[in-house]
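Below is one structure; the comments refer to it alone.
The numbers here are math on the coordinates, done by the rules we state, and not lab data. What you are looking at is a predicted structure, and each value in this text was computed from that prediction instead of being measured. Cβ: placed from backbone, ideal geometry, glycine included. Neighbour counts: every protein chain shown.
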Amino acid sequence: MVTALALAQRGMHVTVLEAEATYDEKPRAATTHASTLDMLDGLGIGEEVVRQGLISRRFQHWDRVSGKLIAEFDFSVLGGETNHPYAVQCESHKTVNICAQSLTAFPDATLLHRHEVVGVGRDADHVWADCDTPHGKQRFTGDYLVGTDGARSIVRRLCDIDFAGYTFAERFVGLTTPFDFEAKFGYSNRNYFADPERFVLLFKVSGNDFKGLWRVISKDGMDEPDDVVLSEAKLQERLQYFWPNDTRYDIHYRGLYKFHQRVAAQFSKGRMFLAGDAAHVNNPMGGLGMNSGIHDGMELALLFDLIQSGKADAAILARYDRRRRPLNVEYVQQVTVANKHRLEEKDPVIRRERLDELGKIVADPVQHKAFLMRASLIDSVRKAGTID
Ligand SMILES: Cc1cc2nc3c(=O)[nH]c(=O)nc-3n(C[C@H](O)[C@H](O)[C@H](O)COP(=O)(O)OP(=O)(O)OC[C@H]3O[C@@H](n4cnc5c(N)ncnc54)[C@H](O)[C@@H]3O)c2cc1C
């Protein structure tokens, strides 16, 4: 949706083919980093994303075993480097809806729901997508096709592009609760709790009613059926284990997730491109998947515009792969894998070293800033500018 908006704002015709009737509200991306907020400002929607989300300046790492705060990062140190020295917790369906609303201002932008892409093709000058629609099969043609159809991308599969990497064996339990963890325990809007056995992530989002909702993601025990893992009794037990409390937790959403680390072997084939989860998937420790996908879309919109305006010829499109693929590997895959390792490290000596290292980084202003420049993908954006 961000890609579509970026294309429309650059004066291009764009048609979005969305299989579903509505947008998925299952809890997924929320953390929107400074680099992305700066881009969204350029599309005129940054302010609305901030308004509908929660500003998060602090980001805490805890040792769940000892209960000690290991490090508190403060995004204010990014002042001067970005217009948004913080992260914003804005649920991705809100960002999608903001884009959909903005797209209505562009007569050359068409948004079609219940249009499932079932086939794609290309020749030297065009691309096409065949869709199952409520009105039967329809073909849509264009100059370029961008597959932003998620991790199971049919565009990627039909382009015969390998999705190399791996899927973690363990499942993760995700749930939401309005319980106020900040009032009770003093946590920030974004918290990681390291534990060799059961690490856990805790985030606050504003929620659809803006009253505040907390998301908890923790590892599943693996050996129990889904309905048992997600039963009220088991989820209460899980929350009480992490955060003992004298009352029951009010649980709103519950679900199971699998996480992956995969990158498409190439991000384009001829006139077809992959962006977002269709091109790369990663574990959510770092809040980077959606951010990286938005950066893909912004890069593509820029490249198409360079061609449209006659400032470059089609050869420039090869820059998409040259930039976006290595940047995803370096700033998203490597960082999220390192984050997961740090949270779950079992060796007591290495575990101590990794947690101590975080404390030292926060204590040193230079390292503190450097860590957040990387974590917020500002470094990635700057590095993109060095890759021609
Ligand atoms: C628990 C969890 C927490 C996360 N937290 C964060 C976070 O805080 N920050 C962050 O940056 N990332 C986060 N992520 C990752 C993030 O959710 C994803 O990277 C992001 O949502 C991917 O967006 P996308 O648009 O590429 O794909 P999707 O959101 O999967 O959207 C794909 C769209 O394509 C449609 N579609 C699929 N197939 C077809 C078809 N054949 N025809 C037409 N339409 C089709 C789908 O209906 C869907 O609307 C998290 C992920 C998880 C699981």
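Take every Cα pair under 8 Å whose residues are at least 6 apart in sequence, average their separation, divide by the length of segment 269-381, and the relative contact order is 24 percent. Springs join every pair of Cα atoms under 10 Å in this Gaussian network model of the chain, and among GLY44, GLY165, GLY67 the largest mean-square fluctuation is at GLY67.
Assuming charge only on the beta carbon of Lys and Arg (+1) and of Asp and Glu (-1), the dipole of segment 126-268 about its Cα centre is about 300 debye to the nearest 20.
Which of the chymotrypsin sites (Phe, Trp or Tyr not before Pro) across segment 180-268 are loop residues per DSSP, with 16 or fewer other Cβ within 10 Å?
Working: sites: PHE181, PHE185, TYR187, TYR192, PHE193, PHE199, PHE203, PHE210, TRP214, TYR241, PHE242, TYR249, TYR253, TYR257, PHE259, PHE267; in loops: TYR187, PHE199, PHE210, TYR249, TYR253, PHE267.
The qualifying sites are PHE210, TYR253.
Using bins of 5 Å that start at zero, the share of Cα-Cα pairs per bin across segment 1-59 amounts to 4, 14, 21, 21, 22, 13, 4, 2, 0, in whole %. For segment 80-93, putting each phi into the Karplus relation 6.51 cos²θ - 1.76 cosθ + 1.60 with θ = phi - 60° gives couplings of x, 9, 8, 7, 10, x, 5, 9, 10, 8, 10, 4, 4, 5 Hz, in residue order, rounded to whole numbers and with x for Gly and Pro. Report, in whole Å, the centroid distance computed from the Cα atoms of segment 177-204 and segment 329-388. Spelled out, the Cα-based centre of one part sits 20 Å from the other. Restricting segment 344-376 to trypsin sites (Lys or Arg not before Pro) that sit in a DSSP loop and have at most 12 other Cβ atoms within 10 Å of their own Cβ leaves LYS346.
Simple point charges give the picture: +1 on the Cβ of Lys and Arg, -1 on the Cβ of Asp and Glu, and for segment 14-79 a dipole about the Cα centre of about 420 debye.
Backbone amide hydrogens, once placed in the peptide plane, bring TRP62 within less than 5 Å of ILE70, TYR192, PHE193, ALA194, excluding anything fewer than 5 places away on its chain.
Taking the charge dipole of the chain about its Cα centre, with +1 at Lys and Arg Cβ atoms and -1 at Asp and Glu Cβ atoms, the residue from HIS33, VAL49, SER66 reaching farthest to the positive side is SER66. Structural size metrics of segment 216-363, computed from C-alpha coordinates, are Rg and Dmax of 21.0, 66 Å. A Cβ-based charge dipole, computed about the Cα centre of the chain with Lys and Arg at +1 and Asp and Glu at -1, lands at about 460 debye. As a proxy for reagent exposure, HIS295, HIS368, HIS252 were ordered by neighbouring Cβ count within 10 angstrom, fewest first; the result is HIS252, HIS368, HIS295.
Residues in segment 269-279 carry Karplus couplings, in order, of 8, x, 8, 10, 10, 10, 9, x, 4, 4, 9 Hz; the curve used is 6.51 cos²θ - 1.76 cosθ + 1.60 with θ = phi - 60°, and Gly or Pro positions show x. When the trypsin sites (Lys or Arg not before Pro) in segment 141-217 are filtered for DSSP coil states and for at most 12 other beta-carbon atoms within 10 Å of their beta-carbon, the remaining sites are ARG152, LYS211. Note on segment 73-206: Rg/Rh from Cα positions, Kirkwood definition for Rh, rounded to two decimals, is 1.07.
Measuring nothing but alpha carbons in the chain and taking Rh as the Kirkwood radius, the Rg to Rh ratio lands at 0.97. Projecting the Cα atoms of ALA375, ASN97, MET272 onto the charge dipole of the chain, computed from C-beta unit charges around the Cα centre, puts ALA375 farthest toward the positive end. Using only alpha carbon pairs under 8 Å that are at least six residues apart, calculate the relative contact order of the chain and give it in whole percent. Worked out over the chain, it gives 20 percent.
When the alpha carbon coordinates of segment 229-296 are projected onto the principal axes, the ranges are 59, 20, 18 Å, largest first. Largest mean-square fluctuation among VAL118, VAL329, VAL263, in a Gaussian network model of the chain whose springs join Cα atoms under 10 Å apart, belongs to VAL118.
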